[in-house]
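Working notes, beginning with the structure itself.
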Amino acid sequence: MVKPRSEKELKLMRESGRITGEALKKVLENVRVGISGLELNKIAEDEIKDLRGKFSFTTVKGYIWASCITINEQVVHGIPTKRKLEAGDIVSIDLGVIYKGWHSDAAWSVLVGRSTEQRINEFLKVGKEALWLGIEQAIDGNTIGDISESIQNKVERAGYSVVRSLVGHGVGKNLHEEPAVPGYGKKGTGLVLQKGMSLAIEVIYTMGKPEVILEKDGWTVSSADGSLAGLFEMTVVVGSKKAEVLTYNL
């Protein structure tokens, strides 16, 4: 049963989202050639602690990092490593926060350094636009399918692929809750949204085919064909006429 949040619960979720947004912004500001995933993760840890939050991702059994750092063909759940970023890489920062028992979750992909390669800039632009189109559908009376179709149409009409096996989700007392929020689907289908429901809407996509593989580290999911991947995610609250985005501070 997916229930709307009370105003008291939303107040705590807003603070959780604020901390997530601040931490994500801080990490992205430090993305540069030569920095490693472990160094970026340390920045995330320090910022979350400074803002009185706790690490959401460490509630996943076996995961010990505050963030997931994925590079190029890596799609999601990348373990922060000593690998240093290079000019022209796509890096995705995914992190979550718990504040007084309430989770929030956000992710963003950026280009490392400057590049004149228009195809990468266009690829990232499409992902961002797809996210906002999906968020626009998170209003009372709409369905999960309305969100999903909006994302799918934007991504696929640009010639890219939505990853089918990875989806957005409900978020609140737990990092991952019902309902699933796929980046593909049909308008008018699925759960009917109610004002006050909290969702982590995600655009998970590749330049090539949608199939993915699990790497040997047991966490990192990469595109099966080695094509570049992007990830954009925000925690939102379903509104009566407009969704409330809790984690955006970029």
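The values are calculated or read from the model by the stated rules, or taken from the named source; none is laboratory data. It should be emphasised that the depicted structure is a prediction, and the values quoted were computed from it without experimental measurement. Glycine gets a Cβ as well: all are built from the backbone with ideal geometry, and neighbour counts include every protein chain shown.
Filtered by the rule that a residue be among the basic types (Lys, Arg), more than 21 Å from Leu40 (Cβ to Cβ) and either surrounded by 16 or more Cβ atoms within 10 Å (Cβ to Cβ) or modelled with pLDDT of 95 or more (or both), the range 110-140 gives a lone residue, Lys125.
The strands (runs of 3 or more DSSP E) found wholly in the range 211-250 and carrying at least 2 residues that are among the hydroxyl-bearing types (Ser, Thr, Tyr) and either surrounded by 15 or more Cβ atoms within 10 Å (Cβ to Cβ) or in contact (Cβ under 8 Å) with a residue 60 or more places away in the chain (or both) occupy 221-223.
Please indicate, with yes or no, whether at least one residue in the range 6-17 is outside any helix (DSSP H, G or I) and in contact with a Lys or Arg (Cβ under 9 Å, 6 or more places away or on another chain). No, every residue in the range 6-17 fails to be outside any helix (DSSP H, G or I) and in contact with a Lys or Arg (Cβ under 9 Å, 6 or more places away or on another chain).
Taken together, the criteria place Ile93 among residues that are among the hydrophobic types (A, V, I, L, M, F, W, C), assigned to a strand (DSSP E or B) and on the phi < 0 side of the Ramachandran plot.
Do the conditions hold for Leu24, that is, is it closer than 30 Å to Asp225 by Cβ, touching a Lys or Arg at 6+ places or on another chain (Cβ under 7 Å) and part of a helix (DSSP H, G or I)? No, not satisfied. Taking the range 188-210 as the range and being in a loop (DSSP other than H, G, I, E, B), on the phi < 0 side of the Ramachandran plot and of a type in the set (Gly, Ala, Ser) as the test, only Gly208 passes. Selection over the range 104-149 of residues that are free of Cβ contacts under 8 Å to residues at least 24 places away in the same chain and among the hydroxyl-bearing types (Ser, Thr, Tyr) gives a count of 1. Screening Ala107 with (1) within 30 Å of Asp225 (Cα to Cα); (2) at pLDDT 95 or above; (3) outside any strand (DSSP E or B); (4) out of contact with any Pro (no Cβ under 6 Å at 6 or more places or on another chain) gives one miss only, at (3).
Specify which of the listed residues (Ile79, Ile71, Ile93) is within 14 Å of the chain's Cα centre (by Cα), within 20 Å of Val31 (Cα to Cα) and not acidic (Asp, Glu).
Within the list Ile79, Ile71, Ile93, the selection yields Ile93.
Residues that are among the hydroxyl-bearing types (Ser, Thr, Tyr), closer than 21 Å to Leu166 by Cα and touching a residue at least 24 places away in the same chain (Cβ under 8 Å): does the range 82-95 have at least one? Yes, because at least one residue in the range 82-95 is among the hydroxyl-bearing types (Ser, Thr, Tyr), closer than 21 Å to Leu166 by Cα and touching a residue at least 24 places away in the same chain (Cβ under 8 Å). Going by the conditions given, is Leu193 within 20 Å of Ile135 (Cα to Cα) and free of Cβ contacts under 8 Å to residues at least 60 places away in the same chain? The answer is yes for Leu193.
Every residue in the range 85-109 that is β-branched (Val, Ile, Thr) and under 19 Å from Asp46 (Cα atoms), please. Scanning the range 85-109 gives Ile93, Val97, Ile98.
Answer with yes or no whether Glu178 is part of a strand (DSSP E or B), in contact (Cβ under 8 Å) with a residue 12 or more places away in the chain and over 18 Å from Ala107 (Cβ atoms). Can you show your working first?
On the way: part of a strand (DSSP E or B): yes; in contact (Cβ under 8 Å) with a residue 12 or more places away in the chain: yes; over 18 Å from Ala107 (Cβ atoms): yes.
So Glu178 fits the description; yes.
Looking at the range 75-87, is at least one residue touching a Cys at 6+ places or on another chain (Cβ under 8 Å) and either on the phi > 0 side of the Ramachandran plot or surrounded by 24 or more Cβ atoms within 10 Å (Cβ to Cβ) (or both)? Yes, the conditions are met somewhere in the range 75-87. Of all the residues in the range 195-210, those that are touching a Leu at 6+ places or on another chain (Cβ under 6 Å) and surrounded by fewer than 16 Cβ atoms within 10 Å (Cβ to Cβ) number 0. Per this entry, Gly34 is counted among residues that are free of Cβ contacts under 8 Å to residues at least 60 places away in the same chain and either touching a strand residue (DSSP E or B) at 6+ places or on another chain (Cβ under 8 Å) or closer than 24 Å to Ser165 by Cα (or both).
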